[in-house]
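Quick notes on the structure that follows.
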Amino acid sequence: MNAYLLAATALIAAIGPCVLVCLTCEPIDGLVALELSGTLATLALLCLAEGFHRGSYFGVGLVCAVLTWVGGLVIARFLARTQ
């Protein structure tokens, strides 16, 4: 186990509190927690790619980053319509 795999494990564990915020708080706070968990997942995927020494896995992290950003915009627009 190298430092990148250890960092990925810590980043994945940090998603747990974000899930709790998404489930228990107001929708706008849940959106912020969802964006944070997307960022953590992206960083974890990049750390896993480096930890396993697989250059082709970096594409998965980059796609996750783009989808997190687009998904946040869609959800924010939906929340704006409901208020």
**Asked** Mind checking whether some residue in region 42-63 is at positive phi and either at pLDDT 95 or above or of a type outside the set (A, V, I, L, M, F, W, C) (or both)?
**Response** yes
**Asked** What do you reckon, is residue 7 farther than 25 Å from residue 80 by Cβ and either open to solvent by 90 Å² or more (accessible area, probe 1.4 Å) or touching a residue at least 12 places away in the same chain (Cβ under 8 Å) (or both)?
**Response** yes
**Request:** Could you please find all residues in region 28-83 being closer than 16 Å to residue 13 by Cβ and open to solvent by 40 Å² or more (accessible area, probe 1.4 Å)?
**Result:** 36, 39, 43, 45, 48
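The values are calculated or read from the model by the stated rules, or taken from the named source; none is laboratory data. All of these numbers come straight from a predicted model, not from anything done at the bench. Positions of Cβ are generated from backbone atoms using ideal geometry, with glycine treated the same way; all protein chains shown enter the neighbour counts. Side chains included, ligands, DNA and RNA excluded: accessible areas come from the protein's heavy atoms. Shrake-Rupley method; radii C 1.70, N 1.55, O 1.52, S 1.80 Å.
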